[in-house]
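Asks: Could you have a look at this structure, given as structure tokens, before my questions?
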Amino acid sequence: MNHTLKLTIQRVEGALIRALGLIERRGFAVTSINAEADAAAQQMELTIEVRSAGRSADVLARQIEKLFDVRAVTLMPAEEPAVALEESMAC
Amino acid sequence: MKGAQLLVRALEQEGVDVVFGYPGGAIMPVYDALLDSPIRHILARHEQGAALSADGYARASGRTGVCIATSGPGATNLVTGIANAYMDSIPVVAITGQVPTPVLGTDAFQEVDIFGITMPIVKHSFMIRRAEDIPRIISEAFYIAAEGRPGPVLVDLPKDVANAETTVPPIFEMKSPVRRRPDPDQVEEACRLIRQAERPVLYVGGGVIMARAVDAFRKYAFASRIPVVATLKGIGAVPTRHADYLGMLGMHGNLAANKAVQASDLLICVGARFDDRATGRLDGFAPTAKVIHMDADPSEIGKLRHADAGLLGDLRYALESMPTDLSIEPWQAWCAERREEHQWRYDAPGEGVYVPDMLRRLTEADKNLTITCDVGQHQMWVAQHCHFQHPQQHLTSAGLGTMGFGIPAGIGALMADPTARVLTVTGDGSIMMNLQELQTIRRYDLPLKILLVDNASLGMVRQWQELFHEERYHEVHLSDNPDFVVVARSFGIEAFRVTRRDQVDGAIRRLLATEGAILAHVCIDPKTNVWPLVPPGQTNDVMLEGISA
């Protein structure tokens with residue numbers, strides 16, 4: 001099942017790989033990713049589409065939320081963001 | 001002041017009185033600074049020993065343990081200990097030296113990316129790039145290690161940063177963890193579920209100990225008279241002889257505990273995480289029960305089993321809100337019958353040493369004994385048969401199952417409380433994993449008692465090969481073991497051998513009466529198995545039983 005996660009992370013050493021590593025370790029495949037840096041806020045906005053056969057995306061979102069470099073996590077409804085993400089990347 | 005001095009001052013300010021470590025090139029500035037500090041450094045003989053000692057120190061003291069190693073192999077040798085702390089939610093700060101920043105990423109001598117290597121097994125990690133960041137990072141590391149669900153934090157310190165001069169004062173604001181109250185609606189729902197329940201069970205895990213909620217748990221359990229089962233790490237949450245305690249649940253649990261859980265209509269999970277060794281096949285675990293899940297970790301609630309009420313926050317707040325005036329007498333009577341029916345038996349045939357009985361009698365002879373365990377059959381016998389008044393008396397590697405944990409953890413427990421009476425129960429497989437730490441015991445004259453259960457085999461693997469691999473034994477026979485009595489004596493540790501049942505009483509007296517370190521080498525039948533056993537992949541309704549020689 002596909003889900004889209006929107007993450008705001010601190011731009012500090014290891015933050016990006018820590019979040020992505022956790023997603024894969026917890027049984028989710030990353031199918032697409034978009035990253036935008038906000039230099040002024042020292043933050044990075046990530047839009048990540050993930051897929052898993054049976055794991056709970058809600059639990060994954062809470063696991064990501066626990067990371068100390070992560071400022072915000074939003075779990076998007078299943079189908080609609082997958083299209084939206086592709087469209088946004090096409091632009 | 002140099003960065004390394006700033007680091008040591010920061011440790012002092014955190015109240016650190018002992019660190020476990022091993023020096024080497026990249027961490028030398030820190031060792032130099034430690035010379036001028038009141039912090040006591042305990043030299044392990046392998047970095048894994050240092051990490052596991054820090055873990056044992058944290059478990060026994062309730063404070064954050066600290067271990068130190070150099071870069072490269074020193075850092076990688078910490079990895080098993082860090083993973084052990086991660087799996088059991090133990091607050092540990094691991095400090096590693098690193099090659100100087102100008103050569104980072106160049107495959108310099110003794111360079112490894114320990115920051116990357118440990119990422120999946122730490123709660124958080126830091127690479128210090130500037131000396132002036134040291135006070136803040138150390139403060140954050142200790143805060144993160146202890147807050148909420150505790151865990152290990154890695155701090156990687158490049159040598160040039162350690163040697164850098166800085167004028168930043170070693171003063172910083174120390175943070176204290178905040179106690180969080182569970183959601184009132186969920187509390188109300190949990191209370192409603194408890195009042196409705198006819199067959200409730202309290203399923204207690206190590207989180208109760210980490211949250212310092214043992215008193216609150218006992219108060220609730222004793223007042224409500226709800227039957228209690230414990231995970232491996234939850235043992236001792238109530239005294240093991242208490243009338244409402246049914247024993248450990250799970251793969252090697254007590255039949256009464258498993259039967260009660262399987263028959264329950266409400267499982268009140270307090271600081272436990274539905275680990276597979278506890279639940280057996282998950283879809284058949286407590287199949288008719290609703291679930292109240294109390295935990296400090298938001299990601300645990302609902303992770304493996306749906307929670308009908310999830311109480312996120314400080315366990316003490318959750319427990320004190322639950323109702324105690326329940327009408328569950330028929331259920332209490334049923335559980336009491338199961339408890340009576342499935343009492344452990346100690347009338348094993350033969351003249352050989354029956355370890356379960358020896359362990360039981362050891363903890364009867366000294367009710368304040370702290371036991372640190374290695375991993376294997378003897379670990380399960382300790383969990384099943386030893387009696388504990390408090391959970392800090394039972395230090396065991398539960399989540400990771402680290403062979404070699406026992407002796408370093410015993411060292412850590414003795415450093416936490418030098419007056420404690422500490423016994424390590426180990427096996428002939430496990431002791432060889434960190435045998436070098438016998439020298440640490442000798443170096444600091446630590447009065448660690450060691451009970452080495454020797455079945456000349458890797459007993460738990462041998463048991464599984466017997467039961468689940470058609471007796472196709474492979475690499476489990478250890479009949480070529482060294483003479484462990486001679487080995488211990490060569491480290492300067494008193495040692496003696498026990499081979500017959502009629503020697504057990506004398507052995508217990510000698511172990512407990514000896515002032516210094518001592519090792520009892522107990523030889524047992526290699527075919528002895530641990531019973532009962534839920535076969536892998538089965539539900540906890542299926543428990544194999546057998547007779548141990």
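Asks: What do you reckon, is residue B:225 at positive phi and either among the basic types (Lys, Arg) or free of Cβ contacts under 8 Å to residues at least 24 places away in the same chain (or both)?
Replies: Judged against the criteria, residue B:225 is a match.
For (1) in contact (Cβ under 8 Å) with a residue 12 or more places away in the chain; (2) more than 16 Å from residue B:356 (Cα to Cα), each residue gets a yes or a no:
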site	(1), (2)
B:435	yes, yes
B:441	yes, yes
B:469	no, yes
B:474	no, yes
B:517	yes, yes
B:529	yes, no
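Asks: Tell me, yes or no, whether the range B:120-141 has at least one residue that is of a type in the set (Phe, Trp, Tyr), within 14 Å of another protein chain (Cβ to nearest Cβ) and touching a residue at least 24 places away in the same chain (Cβ under 8 Å). Talk me through it step by step, then tell me what you get.
Replies: First pass over the range B:120-141, keeping only residues of a type in the set (Phe, Trp, Tyr): B:126.
From what's left, within 14 Å of another protein chain (Cβ to nearest Cβ): B:126.
When the remaining residues are screened for being touching a residue at least 24 places away in the same chain (Cβ under 8 Å), the result is B:126.
Within the range B:120-141, one or more residues are of a type in the set (Phe, Trp, Tyr), within 14 Å of another protein chain (Cβ to nearest Cβ) and touching a residue at least 24 places away in the same chain (Cβ under 8 Å).
Asks: Report every pair of residues separated by at least 6 positions or lying on different chains whose Cβ atoms are under 7 Å apart, first residue within the range B:22-33 and under 14 Å from residue B:11 (Cβ atoms), second among the small types (Gly, Ala, Ser) and not in a helix (DSSP H, G or I).
Replies: Going by the 7 Å Cβ cut-off, the qualifying pairs are B:27/B:69; B:27/B:97; B:30/B:97.
Asks: Report yes if residue B:180 is under 30 Å from residue B:253 (Cβ atoms) and either assigned to a strand (DSSP E or B) or at pLDDT below 95 (or both), otherwise no.
Replies: Working: under 30 Å from residue B:253 (Cβ atoms): no; either assigned to a strand (DSSP E or B) or at pLDDT below 95 (or both): yes.
Judged against the criteria, residue B:180 is not a match.
Asks: Further, regarding this structure: Can you give me the ranges of the strands (runs of 3 or more DSSP E) entirely in the range B:1-80 with at least 3 residues that are buried (at least 21 other Cβ atoms within 10 Å of the Cβ)? Please lay out each step first, then the result.
Replies: On the way: elements: B:18-21, B:40-43, B:65-69.
So the answer is B:18-21, B:65-69.
Asks: Return the only residue of B:318, B:296 being within 14 Å of chain A (Cβ to nearest Cβ) and farther than 30 Å from residue B:510 by Cβ. Steps first, please.
Replies: On the way: B:318 fails: within 14 Å of chain A (Cβ to nearest Cβ).
After applying the criteria, what remains is B:296.
Asks: State all residues of the range B:300-312 that are in a loop (DSSP other than H, G, I, E, B), within 14 Å of chain A (Cβ to nearest Cβ) and over 21 Å from the mean Cα position of the chain (by Cα); if no residue qualifies, say none. Give the derivation first.
Replies: Our first condition is that a residue be in a loop (DSSP other than H, G, I, E, B); within the range B:300-312, this holds for B:300-308.
Filter once more, keeping what is within 14 Å of chain A (Cβ to nearest Cβ): B:300-307.
Matches in the range B:300-312: B:301, B:302, B:303, B:304, B:305, B:306, B:307.
Asks: Moving on to the next point. Give me a count of the residues in the range B:201-217 that are within 15 Å of residue B:239 (Cα to Cα) and crowded, with 24+ Cβ neighbours inside 10 Å.
Replies: 9
Asks: Considering only residues that are touching a residue at least 12 places away in the same chain (Cβ under 8 Å) and crowded, with 17+ Cβ neighbours inside 10 Å, look in the range A:62-79 and name the one that is nearest to the other protein chains (Cβ to nearest Cβ).
Replies: A:63
Asks: Still on this model: Do you know which residues across the range A:14-30 are among the charged types (D, E, K, R) and within 9 Å of chain B (Cβ to nearest Cβ)? Lay out the reasoning, then the answer.
Replies: To start, the set of residues in the range A:14-30 that are among the charged types (D, E, K, R) comprises A:18, A:24-26.
Within the range A:14-30, A:18, A:25 meet the criteria.
Here is a yes/no grid of residues against (1) out of contact with any Leu (no Cβ under 7 Å at 6 or more places or on another chain); (2) closer than 30 Å to residue B:39 by Cβ; (3) not assigned by TED's automatic domain parsing to the domain that holds residue B:442:
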{"site": "B:315", "(1), (2), (3)": "yes, no, yes"}
{"site": "B:328", "(1), (2), (3)": "yes, no, yes"}
{"site": "B:360", "(1), (2), (3)": "yes, no, no"}
{"site": "B:414", "(1), (2), (3)": "no, yes, no"}
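Asks: I want to confirm something. Restricting to the range B:105-119 and keeping residues that are outside any helix (DSSP H, G or I) and free of Cβ contacts under 8 Å to residues at least 24 places away in the same chain, which single residue is surrounded by the most Cβ atoms within 10 Å (Cβ to Cβ)? Working first, answer last.
Replies: Filtering the range B:105-119 down to residues outside any helix (DSSP H, G or I) leaves B:105-113, B:118.
Filter again for free of Cβ contacts under 8 Å to residues at least 24 places away in the same chain, leaving B:105-108, B:113.
Details: B:105: 10, B:106: 9, B:107: 8, B:108: 16, B:113: 14.
The qualifying residue surrounded by the most Cβ atoms within 10 Å (Cβ to Cβ) is B:108.
Asks: What residue, among those in the range B:84-104 that are under 23 Å from the mean Cα position of the chain (by Cα), more than 14 Å from every other protein chain (Cβ to nearest Cβ) and outside any strand (DSSP E or B), is surrounded by the most Cβ atoms within 10 Å (Cβ to Cβ)?
Replies: Of everything passing the filter in the range B:84-104, B:85 is surrounded by the most Cβ atoms within 10 Å (Cβ to Cβ).
Asks: Within the range B:306-332, how many residues turn out to be within 25 Å of residue A:63 (Cα to Cα) and surrounded by 13 or more Cβ atoms within 10 Å (Cβ to Cβ)? Outline the logic, then answer.
Replies: Taking the range B:306-332 first, the residues within 25 Å of residue A:63 (Cα to Cα) are B:306-319.
Checking the rest, the ones that are also surrounded by 13 or more Cβ atoms within 10 Å (Cβ to Cβ) come to B:307-319.
Matching residues across the range B:306-332 total 13.
Asks: Return the residues of the range B:487-515 that are under 22 Å from residue B:411 (Cβ atoms) and either hydrophobic (A, V, I, L, M, F, W, C) or free of Cβ contacts under 8 Å to residues at least 24 places away in the same chain (or both); say none if nothing qualifies.
Replies: We begin by selecting, within the range B:487-515, every residue under 22 Å from residue B:411 (Cβ atoms); these are B:487-496, B:510-515.
Result: B:487, B:488, B:489, B:490, B:491, B:493, B:495, B:496, B:510, B:511, B:512, B:513.
Asks: Looking at this structure, is residue B:341 under 20 Å from residue B:259 (Cβ atoms), surrounded by fewer than 20 Cβ atoms within 10 Å (Cβ to Cβ) and among the charged types (D, E, K, R)?
Replies: Working: under 20 Å from residue B:259 (Cβ atoms): yes; surrounded by fewer than 20 Cβ atoms within 10 Å (Cβ to Cβ): yes; among the charged types (D, E, K, R): yes.
The answer is yes for residue B:341.
Asks: Right, here's the next one. Search the range B:280-293 for residues being farther than 21 Å from residue A:27 by Cα and among the hydrophobic types (A, V, I, L, M, F, W, C), and hand back the single one that is nearest to the other protein chains (Cβ to nearest Cβ).
Replies: This residue is B:291.
Asks: Of these, B:359, B:326, which one is more than 30 Å from residue B:546 (Cα to Cα), more than 14 Å from chain A (Cβ to nearest Cβ), touching a residue at least 12 places away in the same chain (Cβ under 8 Å) and not charged (D, E, K, R)?
Replies: After ruling out the rest, the residue left standing is B:326.
Asks: Separate question: Specify the residue that is surrounded by the fewest Cβ atoms within 10 Å (Cβ to Cβ); the eligible residues are those in the range B:142-153 that are within 9 Å of chain A (Cβ to nearest Cβ) and in a loop (DSSP other than H, G, I, E, B).
Replies: Residue satisfying both the conditions and the ranking: B:149.
Asks: Of the residues A:49, A:45, A:36, which single one is acidic (Asp, Glu) and either exposed (fewer than 13 other Cβ atoms within 10 Å of the Cβ) or within 14 Å of chain B (Cβ to nearest Cβ) (or both)? Break it down stepwise before answering.
Replies: Values: A:49 fails: either exposed (fewer than 13 other Cβ atoms within 10 Å of the Cβ) or within 14 Å of chain B (Cβ to nearest Cβ) (or both); A:45 fails: either exposed (fewer than 13 other Cβ atoms within 10 Å of the Cβ) or within 14 Å of chain B (Cβ to nearest Cβ) (or both).
Going through A:49, A:45, A:36 in turn, just one is acidic (Asp, Glu) and either exposed (fewer than 13 other Cβ atoms within 10 Å of the Cβ) or within 14 Å of chain B (Cβ to nearest Cβ) (or both): A:36.
Asks: Filter the range B:61-75 for residues that are under 21 Å from the mean Cα position of the chain (by Cα) and either basic (Lys, Arg) or more than 23 Å from residue B:146 (Cα to Cα) (or both) and give the result. Don't jump to the end; show me each part of the working.
Replies: Of the residues in the range B:61-75, the ones under 21 Å from the mean Cα position of the chain (by Cα) are B:61-68.
Matches in the range B:61-75: B:63 only.
The values are calculated or read from the model by the stated rules, or taken from the named source; none is laboratory data. None of the values given here were measured: they were computed from a predicted structure. No Cβ is skipped: glycine too gets one built from the backbone with ideal geometry, and neighbour counts run over all protein chains shown.
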